[in-house]
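**Student:** I am attaching a structure below and will ask some questions about it afterwards.
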Amino acid sequence: MKLWLPFLVVVTAFLAISYIWGFNFFRSPSQVFIQYERAMLDYTAQIRQQQEVGSKAGLNEREIAFLRELAIVELEGDMKSLVFDFQKDWPLMQRHYIQYAHRSGDWFIEGLSGSLYTQDDPEYSSFLELYELQDDPDSYCLIFIPGSSEKNVFTEFSGARVYYLQRTIWGYRIEWSRSLIDLILDVAISSASV
């Protein structure tokens, strides 16, 4: 009887870990991108919430801007499971997305209206040529093509872009700095080498 309880605990823990691992490992690249978009929507919801709280509390614009910056904490938690080399990329991501929080006005609230093409889609190669994008045979790549160009979306979603993904033991992860190298270096996408 005494051996059953530890055995039951070990089996339950193993099943829980296997479930979590399996959930992440079997996500498709498209599902990873959709989770990435959802993380961005959560981030902008936090920015708006901080803005409203600051306004109701009667804070000045500088204090409200500081509150909006705090929304980055929410984004950090979401990105840990989506970005390939998170520890290396997080300082760049933080700088990049805090700039977005400094903008006041309309934020990205409705999600993306665009199309996602994976390497398995027949149109994938023609879109690479059409938008003069480059993929990499060593990475799994997908192309996001926005449906409309809106001013309030994140800069990375305002034009066609290749997202590079790596397969890990935890499933696909986005190579963030490689996918957004043009924005990081502030150059045209065609002149940014990957």
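**Student:** Taking amide H positions as placed in the peptide plane 1.01 Å from N, state which residues far from residue 84 in sequence (5 or more) or on other chains have amide H under 5 Å from it.
**Tutor:** Amide H to amide H, under 5 Å and 5 or more residues apart or across chains, residue 84 pairs with 174, 175, 176.
**Student:** Can I ask one more? With θ taken as phi - 60° and the coefficients 6.51, -1.76 and 1.60, list the Karplus ³J(HN,Hα) couplings across the stretch 134-144 in order, rounded to whole Hz; mark glycine and proline as x.
**Tutor:** 10, 10, 9, x, 7, 10, 8, 10, 9, 10, 10
**Student:** When Lys and Arg each count +1 and Asp and Glu each count -1, what net charge do the other residues less than 15 Å away from residue 130, Cβ to Cβ, add up to?
**Tutor:** Values: positive: 161; negative: 121, 123, 129, 132, 135.
Neighbourhood net charge equals -4.
**Student:** Another question, if that's okay. What ratio of Cα Rg to 2.2 N^0.38 Å holds for the stretch 27-185?
**Tutor:** Details: Rg = 16.5 Å, N = 159, 2.2 N^0.38 = 15.1 Å.
Cα Rg divided by the expected 2.2 N^0.38 Å: 1.09.
**Student:** Pop a pseudo-label 7 angstrom from the Cα along the beta-carbon direction at both residue 129 and residue 5 and give the gap in nm to one decimal.
**Tutor:** 6.9 nm
**Student:** Hey, another quick one. Show me the ranking of peptides 176-182, 116-122, 31-37 by mean Cβ neighbours inside 10 Å, starting with the highest. Write down the numbers at each step before the final one.
**Tutor:** Numbers: 176-182: 21.0, 116-122: 14.1, 31-37: 17.3.
Final packing ranking: 176-182, 31-37, 116-122.
**Student:** Same structure again: Sorting 80, 56 on the 10 Å Cβ count, fewest up front, what's the list?
**Tutor:** On the way: 80 12, 56 8.
The order, fewest Cβ neighbours first, is 56, 80.
**Student:** Between residue 78 and residue 38, 0.36 nm times their residue separation minus their Cα-Cα distance comes to what? Working shown, then result.
**Tutor:** On the way: separation 40, 0.36 × 40 = 14.40 nm, distance 0.91 nm.
In short, 13.5 nm is gained.
**Student:** In the neighborhood of residue 91, defined by Cβ-to-Cβ distances under 15 Å, what is the net charge if each Lys or Arg adds +1 and each Asp or Glu adds -1? Could you put the intermediate results ahead of the total?
**Tutor:** On the way: positive: 80, 88, 95; negative: 69, 76, 85, 89.
Here the count lands on -1.
**Student:** Given contacts defined as C-alpha pairs under 8 Å and at least six residues apart, what's the relative contact order of the stretch 27-185, whole-number percent?
**Tutor:** Numbers: 211 pairs, mean separation 39.7, N = 159.
Worked out over the stretch 27-185, it gives 25 percent.
**Student:** To make sure I understand, if each residue's beta carbon is the centre and we count other beta carbons within 10 Å, what order do 81, 139 fall in, fewest to most?
**Tutor:** On the way: 81 15, 139 19.
Listed from fewest to most nearby Cβ atoms, that is 81, 139.
The numbers here are math on the coordinates, done by the rules we state, and not lab data. This is a predicted model, so every value here is computed, not measured. Glycine also receives a Cβ, built like all others from the backbone with ideal geometry; neighbour counts cover every protein chain displayed.
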